[in-house]
Amino acid sequence: MIGTLAGLFSGLFGVGGGTVIVPLLVLWLGYDERVATATSLAAIIIIASVAGTVQAIYGNVHWGDAALVGIPSVVGVVAGTTIQQRVPQRTISLLFAGLLFAVAVDLVVK
């Protein structure tokens, strides 16, 4: 069910991992934030590959922009993962909840 919801939201909105998979792994399966995040990232390899391919078939992908965002993101992933391993679990949960709340408010306001 988690995978199906993540795929649906990925196809509709371009989201899935952080906003769907991680919270559901924590709430439904009792994962801690670190394990949920890592599991989600591994699943996103499959999800993003299929979603990107389907969007490319429809002609919706700007490959240059995708590379411009994707390649430097590797540095951010390494830095974020390193920081995550040093931050208390509760802090990660609160920061993540704050991020989701800010995104929800932004979507409602727009």
Has segment 71-78 got any residue that is hydrophobic (A, V, I, L, M, F, W, C), surrounded by 12 or more Cβ atoms within 10 Å (Cβ to Cβ) and free of Cβ contacts under 8 Å to residues at least 24 places away in the same chain?
-> no
Inspect all residues belonging to segment 90-99 and state whether any of them is part of a helix (DSSP H, G or I), open to solvent by 60 Å² or more (accessible area, probe 1.4 Å) and under 15 Å from Val15 (Cβ atoms).
-> yes
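The values are calculated or read from the model by the stated rules, or taken from the named source; none is laboratory data. These numbers come from a predicted model, not from an experiment. We place every Cβ from the backbone using ideal geometry, glycine too, and count neighbours over all the protein chains shown. What goes into the accessible areas is simple: the full protein's heavy atoms, side chains included, and nothing from ligands, DNA or RNA. Shrake-Rupley method; radii C 1.70, N 1.55, O 1.52, S 1.80 Å.
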